[in-house]
1. Skipping prolines and chain starts, which residues have an amide H placed within reach, meaning under 5 Å, of the one on residue 81, given they are 5 or more residues away or on another chain?
2. For segment 4-133, what is the Kirkwood estimate of the hydrodynamic radius, computed as the reciprocal of the mean inverse distance between distinct Cα atoms, to one decimal in Å?
Amino acid sequence: MSERIVVGAALVDDGRLLAARRSAPADLAGRWELPGGKVEPGETADAALVRELREELGVDAEVDGRVPGEWPLRAPYVLQVWTARLRPGSAPPEPLQDHDELRWLGPGEIWDVHWLDQDVPAVRRTLAHLGAVEGLISGPGVREEPGA
Ligand SMILES: Nc1nc2c([nH]c(=O)n2[C@H]2C[C@H](O)[C@@H](COP(=O)(O)OP(=O)(O)OP(=O)(O)O)O2)c(=O)[nH]1
């Protein structure tokens, strides 16, 4: 079967990254991820991300660019990450669907949440990308991932 893309948002606001705690399915519930979802047939990745963020979080977001790389999830899915921001006037994110808690993580807090195992390399790469591209997130306050 050909691979199917799951898009995750590195939604950044005021130098903080949004993490979302999954409420389902049972084997993923309680673990933290980048909000997003599956790209539907005929849909572009960035359109899928804007749609998922509206459905899941109730926000009006715009996508900036893709974090280089692709991370395997349960076959046939792979995770791609795009940086995104809230449009002016957007409602603040709320856990409307798929999640039961949200956290804006500052530079020193990124590894305070229990990310899904498969998200850890994607989050690590995202931080490096955000630091390089926008000077966001990374900086003297960033603590190393435990055990990295
Ligand atoms: N959104 C998202 N999903 C992830 C991440 N990491 C990870 O393993 N996944 C998995 C969980 C799900 O099995 C799958 C994405 O499914 P989803 O439930 O978020 O997608 P969706 O909104 O399109 O859901 P659906 O109702 O159409 O199944 O990818 C991540 O960082 N973000």
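Taken together, the values in this text are just the output of simple stated rules run on the coordinates, not laboratory data. Just so it is clear, the structure is predicted and the values come from calculations on it, not from any experiment.
1. The list, which skips near neighbours in sequence, is 8, 67.
2. Values: mean 1/r = 0.0691 Å⁻¹.
Evaluated on segment 4-133, it is 14.5 Å.
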